[in-house]
Amino acid sequence: MHSPELLKGTLQTIILKLLADHGKMYGYEITQKVRDLSDESLQLTEGSLYPTLHKLEAQGLLKTKKISLGKRVRKYYFLTSIGQNTAIKKVEDFEAFIKTMFRVLQISPQSI
Amino acid sequence: MMLSDEHVNYIIRDVSYRGIVDEELSEELIDHICVLVEQKMENGLRFIEAYDQTITTFSAEGSLVDIQNQTIAYTNNNTRIMIRNYFKIAIRNLVKHKFYAGINVLGLSVGVACSLLIYLFIKHETSYDKFHGNSDRIYRIIRHGSINGNEFHYPVCPAPMANGLVSELPDVEQAVRFRNRGTFLVKTPNGTESYKEDGLTFTDSTFFDLFSFRVTEGDPKTALNRPLTIAISAEAAEKYFPNVSALGKTLVLDGDEDFEVTAVFENMRKNSHLQFDFLMSLATIEEANNSMWLSNNFFTYIRTAPDVNKTELTEKISEFYGQKADPELQKYMGITGEEFLAAGNSISLELQPLEEIYLTSDFIFDIGPTGSEETVYLFAIIAIFILSLACINFMNLSTARSANRAKEVGVRKALGSVRAHLIRQFLLESIILSLFAFGIGLILVVLTLPLFNQLADRELLVPLDSIYFIFLLFTAAVITGIIAGTYPAFFLSSFKPTNTYKGTSTQSVGNANVRSGLVIFQFFVSILLIIGTVAVNRQLDFIQNKKIGFQKEQVLLIDDAYMLSDSRNTFKKEVNELSSVLSTTYSGFLPINGYYRNDNTYWKKGLNPDETNTVNSQMWTVDHDYVKTMGMNILEGRDFDRAIVSDSNAVILNEEAMKQFGFENIEERYIQTHAFNANDGSIISGEYVVYKVIGVIEDFHFESMKENIAPLALRIGRSTGIMSVRLSTNDFSGSIDQIEEKWQKFGTGLPFNYSFLDDQFERMYREESRLARVFGIFAGLSIIIGCLGLFALATFMAEQRTKEIGIRKVLGASVSGIVFMLSKEFSKLVIIAFLIAAPVAWWGIANWLENYNYRVEIGVELFLLGGIMAFVIALLTVSYQSIKAAARNPVKSLRSE
């Protein structure tokens, strides 16, 4: 498991990228997807996931759609057109950031 | 597997029990939890175990509420919530206190409407002539001076001035002249009907070069080069040549002159002091070419070269004029320029900037309508007064209401509000009210503008399509809100919570003092405006009822009588025979400003004329019935007599002329003057015209009462511009019908234009009447606004003292005693306001009356009247509430303690 501290700065990027790749997703689905993709080494907590989702929605990057499941309501998130652009940009930014970090920390990517 | 409804309900309840109130979030969390629980149950756990496990591990960092808090913190903009809250509270407050809020908004919106109207007016008045290219380099040459003690101010110059300046002074780039010849009857060659037009002038071909009026058809450079050419406005073109091009067509002026239309120009803008529909080439008239430097008939405008200093140029032009005029002075008056000046005479030329012409001109006659700088200033002051009155109402009411809100402030402070929050809250409230009031004010302006336009004789528009204007209005509303709200905001927010609970801060002495000061100011303004209005009306009344030396009632003026040409005398005879007609007279010279004038220099026969013994006198050409028809009084001697042939060389002088010539009586008195060349107006040297004085006529006013009565002489001659008819009845429409019938008999197709002498007389004081009316309306409004505030204040005070009044009554106070007690305070304030306002009003009125040579005496009673009126109005306003409060049953007011 990675430290949640490291995760913090990249949470938005992860959510946006996931939604860009998979269309609409709901909260639990996102946590599961992250777990699967990271071979269980990344665990999104609900405590950071939901506030971030709501923040992105308030910023106009996400929209929601509710589907009723009997007594329960499932809320799907998907990207707005601004959100799509932001997703691409965030990933690019992050890629550039990692490359910089490699140089700064003098890590060779091949060694991973 | 899916959870049963029962299980889901359990989870929903539990989540809500754990304090999740945000609906959006709780739905998601419930779904998430359900999925986790389902998984655990699939692994064999019972529901309750699965749920317990899920909920404990759900958020590694803390409870569900933490997630909610975090979400709210992330998503919601704190300031937005806060501002929404401010709005909510503000609106609740206003709705709760409908009466005060209503009065506040009403007062403020009336104030805003007034100020806005005045703003539009001022904006229009100050926008004149700014649209011309190079308008900063265009000047009009005007002359001031005094000859033999007679002061004169004229906006006209000698004919050769314009061309002389352009050819001899390199600083002057271009010049244009205007010569007005009054009204003309205009028709097309084939048309049967003529129209009387007054927007005509003769002008140089340089007109379109100097002024930026766009020519839509024809060549602006050459349009007015030739004699008998005319440029007309789009409106005139449409009127005379509908649907066809006017270019090359002919217009007939006064029945005998054919002008060729060589250009059509866009209608002159409303905010131009030049307002013409017809421009005739100056080359048409002989007079344009004369080279007389002592005769002044031409409005002259010049454009200077770039970067020319105005003061230096003025000196150069004066010098230039002196050089040119000197030889003529020597030739005709026998003195050099130096001697002329040494005798105490003076003539000075001045350059009047184009943009200032409209507002700063105050000549006896002018090229077009002019405004008045004083009116603009006066209106600006009134606007500021009214707006400040409305703002003061607002402040007064808000602070007065502080008692009711003191507890609110206390509670808010106790709950952790800091002062800045409270100030923001109160400011916002006042800004909301102000925006609201501005909205209503704007609607009021749109509704009342037509009325105002009629009153002020303007064509103003509300520029609703201008974003700039809307933005300005919005800004003004916010600023007004801030100004009006600042005092209450800072005052209310300064309360100490403990004091507000005890109720001590509401009785603050300083607060009451400020409020009294504001009430005094309001009444100061109201009293000032009342006294001003009454004084202006008195002066107008005085002017209109003063003995003016002739009888202005029941005189009909028929225009353009000269068009009847030879049938003129028969027409006169037949009109005379009508039973409703007393007498008729032909003369274009009327004792009303704006009609024909002709002045010249005369001296006692036998004297050698020099600058000390000549008199500059009016010489009016009239017929034998003039004195009778006008109702003037012969003091000495006799009227003109048809039977006496020598009367063709006789004059009747007015008293002033007698005095200036130094005549004691009319025995064997003669005056004489130079003979003039009839063609070009030049003096024939060595030849004189002599007139015998046969009578003296009582002085009569023939200009506005701002002017002194000048020397005047009447002589017999042909002046056929106007026929005046004295009627014997008040049945005007019947008489007019009869006369028109006669007119049509002799002048078929000619328009019958008439007016009444007394209407024309009043027209001289139109600006004053307008001022008086507008002044009166605004004064009334300011009083209403002031009273509105006072009324609300009195209501509030009475409310505050309900218990006190109850106790006083129980202890034996009478209703009248209580009313007196409540009214006393306000009365004191009104009296103080009066004491301050009276001297200021006296000073202002005295200054204004300085303009008039004949003015009404302003006595103490005028001031007392103003003071008493304000006092009575204030008392009525206050007493309604006082009596209501005093008459209330004390049982009711004391029961609810």
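Each value in this text was obtained by applying a stated rule to the coordinates, not by laboratory testing. Note that the structure is predicted; figures quoted are calculated from it, not measured. Cβ: placed from backbone, ideal geometry, glycine included. Neighbour counts: every protein chain shown.
Across the cross-link table entries B:LYS659/B:LYS692; A:LYS24/A:LYS55; A:LYS17/B:LYS40, which are compared at the Cα atoms, the separations over 20 Å belong to A:LYS17/B:LYS40.
From helices alone, chain A scores -18500 deg cm²/dmol at 222 nm; the rule is -39500 (n - 2.57) for each run of n ≥ 4 DSSP H residues, then divide by the residue total. Among B:176-187, B:232-243, the peptide with the highest mean count of other Cβ atoms within 10 Å heads the list, and the full ranking is B:176-187, B:232-243. Counts of other chain beta carbons within 10 angstrom of each beta carbon in peptide A:41-52 average 6.
Taking a point 7 Å from the Cα of B:ASN616 along the Cα-to-Cβ direction, the residues of the stretch B:278-310 with backbone N closer than 14 Å to it are B:294-297. Using only side-chain charges placed at the Cβ, +1 for Lys and Arg and -1 for Asp and Glu, the dipole size of the stretch B:544-666 relative to its Cα centre rounds to 180 debye.
Between B:ILE784 and B:SER567, the contour length at 0.36 nm per residue exceeds the Cα-Cα span by 72.1 nm. Think of chain B as having a plus end and a minus end, set by charges on the Cβ of Lys, Arg, Asp and Glu; of B:PRO327, B:GLY749, B:PHE490, B:PHE490 sits farthest toward the positive end of this dipole.
Placing a label point 7 Å from the Cα of B:GLN275 along the Cα-to-Cβ direction, the residues of the stretch B:210-226 whose backbone N falls under 20 Å of that point are B:211-214.
Taken as entire DSSP H runs, the helices of chain B that both span 30 Å or more between Cα atoms along their own long axis and average 1.6 or more on the Kyte-Doolittle scale are B:467-493, B:860-887.
Other protein chain C-beta atoms within 10 Å of residue C-beta, averaged over A:70-79: 5. Note on the stretch B:509-587: with charges restricted to the Cβ of Lys and Arg (+1) and Asp and Glu (-1), its dipole about the Cα centre is near 480 debye. Note on chain B: helix-only mean residue ellipticity at 222 nm, from DSSP H runs of 4+ residues weighted -39500 (n - 2.57) and normalised by residue number, equals -17500 deg cm²/dmol.
The GNM of chain A, with springs linking C-alpha atoms under 10 angstrom apart, assigns the highest mean-square fluctuation among A:GLN12, A:GLN84, A:GLN32 to A:GLN32. Look at the alpha carbon pairs under 8 Å that are at least 6 residues apart: their mean separation over the length of the stretch A:52-112 gives a relative contact order of 22 percent. Only Cα pairs under 8 Å and 6+ residues apart enter the sum, and on that basis the relative contact order of the stretch B:563-701 stands at 24 percent. Distance between the C-alpha centres of the stretch B:178-210 and the stretch B:621-693: 34 Å, rounded to the whole angstrom.
Since only B:ASN243, B:LEU120, A:ILE15 are under comparison, the one whose Cα sits farthest along the positive direction of the charge dipole of the protein assembly as shown, derived from C-beta charges on Lys, Arg, Asp and Glu, is A:ILE15. Among the GluC sites (Glu not before Pro) in the stretch B:567-668, those placed in a DSSP loop whose Cβ has at most 14 other Cβ atoms within 10 Å are B:GLU664, B:GLU667, B:GLU668. Judged by the ratio a/c of the largest to the smallest principal axis of the C-alpha gyration tensor, the stretch B:275-350 counts as oblate, that ratio being 1.5 or greater while a/b is no larger than b/c. Summary of the geometry: the stretch B:101-128 and the stretch B:373-433, compared by the centres of their Cα atoms, lie 19 Å apart. Centre-to-centre, using Cα atoms only, the stretch A:19-88 and the stretch B:784-841 are separated by 68 Å. Farthest toward the positive end of the dipole of the stretch B:661-739, out of B:PHE702, B:GLN672, B:SER719, is the Cα of B:SER719, where the dipole comes from beta carbon charges about the Cα centre.
Among B:ARG642, A:ARG72, a tally of other beta-carbon atoms within 10 Å of each Cβ gives an order, fewest to most, of B:ARG642, A:ARG72. Over chain B, Cα pairs under 8 Å with separation of 6+ residues give a relative contact order of 14 percent.
Take each residue of peptide B:23-35, count the partner chain Cβ atoms within 10 Å of its Cβ, and average: the result is 6.
For a test of the definition: using alpha carbon positions, the gyration tensor, and the 1.5 limit on a/c, classify the stretch B:451-575 as rounded, prolate or oblate. Since a/c reaches 1.5 but b/c is at least a/b, the shape of the stretch B:451-575 is classed as oblate. A Förster radius of 51 Å combined with the Cβ-Cβ distance from B:TYR332 to B:ILE384 puts the calculated FRET efficiency at roughly 0.40.
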